[in-house]
Amino acid sequence: MKPFLAPNPDWTMPFAGGVDARGWAVTGPVVPPADLAALAGDPALAAADARGGVRNLLDLPVVRALARSAPVRAAAEAVLGPGCFAVRGLMFDKRAAANWKVPWHQDLTVAVRERLDVAGFDLWSFKAGVAHAQAPVGLLERMLAVRVHLDDCGPDNGPLRLIPASHRSGHLSAAEIEAWRERHAADVGLAASGAILGFRPLLLHASGPAAAPGPRRVVHLEFAADRLPGGLQWRWTV
């Protein structure tokens, strides 16, 4: 395991540059071990052991504290600016009991307080009691996913795969996704415990099952920089 690196503002510049150039970037270990231990010890997050995932994480004080922590804020602000805020939190874990694959896709939905008929928001659904809608491209382009790795994620742990620059083409159809897969090589998002991996929601990404299942615990936080139109409200603003 790589040693913990005390937060240093210098890492935010290459992080933001990578997101700008490729649509994603990963840091070294910048989240303190004490923060990782607090997350790992939270009973609600431990429930991911059986299911492979947990929703509505921003209801948890320990995750709200993570979203406000210096390294997570530094990563989000480097890309979105100081006015950004966390709008959703999830946890993913690949282990023998929950070793799944995720096909190539874009993250297109946002979590809101209630369903309202607002132009550009459609394909409504409810996930774990929270209203979700597919959002306009313009909104998604100004968002960032920030993944905090609780464990090392090597090539055998089912790491995230990402197709660089695919986020610049808007909302892609199934045929367009297949064309990107055929014409462009994917990056592999390897990360040490305590590292932050950030990517644009519209970036094509996928992951295969782990060859050597985990744990491979990841807290996935989504940050936005804009308020919602037409009376819609984010479900969380942290």
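Data for the structure
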read-out: Nonlocal amide H pairs with Gly158, under 5 Å, H built at 1.01 Å; value: Ala211, Ala212
read-out: Per-residue HN-Hα couplings for the range 36-45 [Karplus 6.51, -1.76, 1.60; θ = phi - 60°; Hz; x = Gly/Pro]; value: 5, 5, 4, 5, 4, x, 6, x, 5, 6
read-out: Neighbour-count ranking [beta-carbon atoms within 10 angstrom, fewest first] of Leu197, Leu60, Leu150; value: Leu60, Leu150, Leu197
read-out: Cα extents of the range 165-223 along the three principal axes, largest first (Å); value: 34, 30, 16
read-out: Lys, Arg +1 and Asp, Glu -1 on Cβ, resulting dipole of the chain about Cα centre, debye, nearest 20; value: 220 debye
read-out: Residues with amide H under 5 Å from that of Asn56, placed H, sequence gap 5 or more; value: Gly89
read-out: Note, ³J(HN,Hα) from phi for the range 185-201, Karplus 6.51, -1.76, 1.60, rounded to Hz, x at Gly and Pro; value: 6, 9, 7, 10, x, 6, 8, 8, 4, x, 7, 10, 10, x, 8, 6, x
read-out: Residue order, fewest to most beta carbons within 10 Å, for Cys84, Cys153; value: Cys84, Cys153
read-out: Per-residue HN-Hα couplings for the range 107-122 [Karplus 6.51, -1.76, 1.60; θ = phi - 60°; Hz; x = Gly/Pro]; value: 8, 10, 9, 10, 9, 10, 6, 7, 6, 9, 7, 10, 4, x, 10, 8
read-out: Within a Gaussian network of the chain (alpha carbon springs, distance under 10 Å), most fluctuating of Arg227, Arg55, Arg161; value: Arg227
read-out: Interchain or long-range residues, amide H under 5 Å from Met143's placed H; value: none
read-out: log10 of Debye I(q)/I(0), alpha-carbon scatterers only, for the range 74-177 at 0.13, 0.17, 0.20 Å⁻¹; value: -0.64, -1.11, -1.41
read-out: Formal net charge of residues neighbouring Ala131 (Cβ-Cβ distance under 14 Å; K, R +1; D, E -1); value: +3
read-out: For Lys101, Lys94, order by how many other beta-carbon atoms lie within 10 Å, fewest first; value: Lys101, Lys94
read-out: Length-normalised contact order for the chain - Cα pairs under 8 Å, 6+ apart - percent; value: 32 percent
read-out: Most mobile of Pro33, Pro159, Pro71 in a GNM of the chain (Cα contacts under 10 Å); value: Pro33
read-out: Computed Rg/Rh of the range 22-224, alpha carbon atoms with Kirkwood Rh; value: 0.94
read-out: Cα convex hull volume per residue for the range 59-118 (Å³); value: 178 Å³
read-out: For the range 120-154 versus the range 54-80, the gap between their alpha-carbon centres in whole angstrom; value: 14 Å
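Computed from the coordinates by the stated procedures, all read-outs in this text should not be read as laboratory data. These numbers come from a predicted model, not from an experiment. Quick reminder, even Gly has a Cβ in these numbers, built from the backbone with ideal geometry, and neighbours come from all protein chains shown.
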